[in-house]
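Every number here is computed from the coordinates shown, using simple stated rules; none is lab data. Bear in mind that the values here come from a model prediction, so they are computed numbers and not experimental data. Counting neighbours? That spans all protein chains shown, and the Cβs are built from the backbone with ideal geometry, glycine included.
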Amino acid sequence: MEELDSRKKKILKAIIQTYLETGEPVGSRTISKFTDLNLSSATIRNEMSDLEEMGYIHQPHTSAGRIPSDRGYRLYVDALMAEKDEEIAEIKDLMIEKTDKMEKVLKQVVKTLAQNTNYATLISAPSFSNDRLKFIQLSRLNSLQLVAVVVTSGNRIRNEIIDLDEQMSDDTIFKLNFLLNNSLNGIPAAEINLGMIAQLKEQAGQYGAVVGSVLDAVANIIQVDEDMEIYTSGATNIFRYPELSDSSKASEFISTFEEKQQLADLVRETMADDENTGIQVYIGDEAPIKTMKDCSVVTATYELGEGIRGTIGIVGPKRMDYENVVDSLRALRTQLDAMFRKT
């Protein structure tokens with residue numbers, strides 16, 4: 001839209017958005033109701049006349065309002081896609097930077113916790129629940145492929161390649177983008193149900209399969225990550241306690257902390273109950289992990305807002321200092337929020 005001044009850009013955008021919502025030609029009076037324009041109907045009519053002469057809008061019949069031309073759609077779509085590309089790039093850069101800082105913080109936290117308690121400790125990187133869709137961007141990859149970029153409120157990004165049976169016009173891609181974002185923006189991803197999917201597919205008509213592929217990408221992004229990041233420290237503290245230092249028991253215990261798969265299962269179980277986000281204590285056979293049946297496991301869920309949650313865990317003998325452990329976890333839950341907000 002470089003050839004247009006700010007006023008014309010706003011008016012063209014308003015015309016296109018209004019037309020997409022209503023399907024009816026757009027008049028100057030309708031555009032004048034846009035609060036951020038603050039222009040009279042007469043001024044808008046003059047600007048619309050200029051836009052028509054420049055080929056961005058046209059009048060379908062006498063005495064009707066204007067509708068976007070292909071050139072108008074093209075200018076709008078290019079500007080929109082450039083804006084979204086820039087936003088996605090910024091989000092990726094931010095997440096790379098934040099992930100690096102987060103990893104350093106978590107490693108330090110779990111190390112300090114192990115030193116202070118003399119037990120084995122673990123902490124999971126925060127994962128996301130109740131993510132809301134921020135926006136969806138469909139872009140052409142080649143004549144028979146689209147790339148769908150799904151971004152959620154937790155700034156999680158997923159790219160999905162969508163194969164097409166036939167070439168799709170830029171206008172159709174734009175309308176599908178509008179349909180998806182207008183219908184799904186701000187909705188918790190977990191609340192997208194079969195009825196909503198069926199309705200969107202119906203609205204997309206012959207392109208219902210494309211919408212279905214995009215929603216599959218949305219479903220994938222809210223799955224619990226298979227490669228959950230878990231940081232551990234102090235596993236060898238187990239040798240401090242005679243009842244746990246038996247060679248076979250200790251070996252199994254150390255292996256559990258090194259392989260981490262069972263620890264990931266423990267974290268998932270801890271976070272599975274949305275209502276139980278306090279401190280949980282597992283004693284002996286109550287522990288979800290068999291190699292810890294001779295231990296006590298104390299876990300706490302920390303929350304950082306916007307559905308971002310993780311688990312802290314301390315593993316020690318059944319005769320552990322429960323009061324100290326519980327106090328440490330309570331303090332750490334509070335401190336983590338402040339620490340992450342600074343990163």
Between N38 and A82, what is the label-point separation in nm under the 7 Å Cα-to-beta-carbon projection?
2.6
How compact and how long is segment 132-221, expressed as Rg and Dmax of its alpha-carbon atoms in Å?
12.0, 34
Proximal charge balance of S169 [Cβ under 15 Å; K/R count +1, D/E count -1]:
-2
When each of K101/K249; K104/K260; K101/K175; K111/K260; K10/K134 is checked by Cα-Cα distance, pairs over 28 Å:
K101/K249; K101/K175
Going by average Cβ density within 10 Å per residue, which order do the peptides 60-71, 10-21 take, highest to lowest?
10-21, 60-71
Among L215, L122, what is the fewest-to-most ranking by other Cβ atoms within 10 Å?
L215, L122
In debye to the nearest 20, the charge dipole size for segment 6-68, taken about the Cα centre with +1 at each Lys and Arg Cβ and -1 at each Asp and Glu Cβ, equals 180
Which residue, G212, Q145, I192, has the largest displacement toward the positive end of the dipole of segment 132-221 when charges sit on each Cβ (Lys, Arg +1; Asp, Glu -1)?
I192
Most exposed first by the Cβ proxy, i.e. fewest other Cβ within 10 Å, how do L75, L4 rank?
L4, L75
Each residue of segment 104-118 in order: what ³J(HN,Hα) in whole Hz does its phi give by Karplus 6.51 cos²θ - 1.76 cosθ + 1.60, θ = phi - 60°, with x for Gly and Pro?
5, 4, 5, 5, 5, 4, 5, 5, 5, 5, 5, 5, 6, 9, 6
By the Cα gyration tensor axes a ≥ b ≥ c (a/c under 1.5 gives rounded; else a/b larger than b/c gives prolate, otherwise oblate), the shape of segment 2-78 is rounded
Counting other beta carbons within 10 Å of each residue's own, what order do K111, K134 fall into, fewest first?
K111, K134
Need the C-alpha centroid separation for segment 199-217 versus segment 165-182, integer Å.
10
